[in-house]
Amino acid sequence: MFVLLFASPLFAQQGDVVLCEGFYNPWLTEDWDVKGDNWAVWYISNTSFAGCKPREMQMTPDYNFSGTTRIVTPIVELEKYDFINFQFNHCLEATQGTLNAQIGIGISQDGESWESIWEDTIAGSIAQSQYLLTFDMADWASKSQYFSLYFTGEGSYINSWYIDNVIIFASKKNKFGKIDDSDESGFVAARSHILSLKGPKAGTVTPFSTMKKSKNKFSKIVEGRGRRNRRRR
């Protein structure tokens, strides 16, 4: 039975667990889905590059891939909650070259029309990292929602994107009706953190509030280098 055994106290998680997936089975569990442009392959790999126990989700785009691809969660019930903490582990392996791509989190009521609630432009490999991203759900809390982790970019510059241990904690605001100030998309920088699992500052937490803001999105900084390219298609 899949429980929160893997959710070590790296962050002060808060709220009820409304989604919890460790990709332990060799196939996607019921109601998970893959959507987006063609020529991107998603499958569950018997590896642990995201820093968790095997297995994990792996996205490997074709060399000619160009566009957006996403892994979509089952529907998440949010009717009684005010905000969520979205936690996941990941690792991205880029090839040699100039990578100009985006990763992000999308939200949708129907699983077809998507709104980005967090996005980060990446220029190269991302070392093993755990993210905890907080969102004020004022615009969505009265509805049930699908979430997705997505990649937008060119397949010729990326080998694989590994994702594991996707958890959504949902909670109510405090007695004053607040959590923290959020931006126009509901993203709460003060509560969002990145834990770099490799590199010179492994084990340190970098709050988003200290990072550079660009185009109304908070840029991600992860210390350390990704693994060397193992292969090239």
Residue 79-residue 53 FRET efficiency (beta carbon distance; Förster radius 45 Å; 0.05 resolution): 0.85
Among 33-46, 143-156, the order from most to least packed when residues are scored by Cβ within 10 Å on average: 143-156, 33-46
Distant-in-sequence amide H partners of residue 159 (H built 1.01 Å from N, under 5 Å): 93, 94, 95
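Quick check of the Kirkwood formula: for the stretch 114-157, what is the inverse mean of 1/r over all pairs of different Cα atoms, in Å? Before the final figure, lay out each step's value.
Values: mean 1/r = 0.0740 Å⁻¹.
About 13.5 Å, per the Kirkwood formula over Cα pairs.
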Under 15 Å, Cβ to Cβ, from residue 53 - net charge with Lys/Arg +1 and Asp/Glu -1: -2
Two-site label geometry, residue 138 and residue 174: point separation in nm, points 7 Å out along Cα→Cβ: 1.7
Karplus-derived HN-Hα couplings along the stretch 17-30 (A = 6.51, B = -1.76, C = 1.60, θ = phi - 60°), whole Hz, x at Gly and Pro: 7, 9, 8, 8, 9, x, 6, 6, 7, x, 8, 5, 6, 4
Ranked by how many other beta carbons lie within 10 Å on average, peptides 95-103, 177-185, 82-90 from highest: 82-90, 95-103, 177-185
For the stretch 24-166, the spread of Cα positions along each principal axis, largest first, Å: 46, 29, 25
Derived scalar couplings ³J(HN,Hα) [the stretch 150-155; Karplus, 6.51 cos²θ - 1.76 cosθ + 1.60; whole Hz; x for Gly, Pro]: 10, 10, 10, x, 9, x
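So how much slack lies between residue 96 and residue 38, counting 0.36 nm per residue of separation and subtracting their Cα-Cα distance, in nm? Display every interim value, and only then the final one.
Numbers: separation 58, 0.36 × 58 = 20.88 nm, distance 2.30 nm.
Roughly 18.6 nm would be gained on extension.
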For residue 62, residues with placed amide H under 5 Å, excluding near neighbours: 40, 41
Approximate shape of the stretch 86-129 as ellipsoid semi-axes (Cα gyration tensor, √5λ), whole Å, largest first: 24, 13, 8
Hz values of 3J(HN,Hα) by residue in the stretch 42-53 - Karplus curve (6.51, -1.76, 1.60), Gly and Pro given as x: 10, 7, 8, 9, 7, 10, 9, 5, 7, x, 10, 6
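The numbers here are math on the coordinates, done by the rules we state, and not lab data. These numbers come from a predicted model, not from an experiment. Neighbour counts are summed over all protein chains in view; Cβ atoms, including those assigned to glycine, are modelled from backbone coordinates with ideal geometry.
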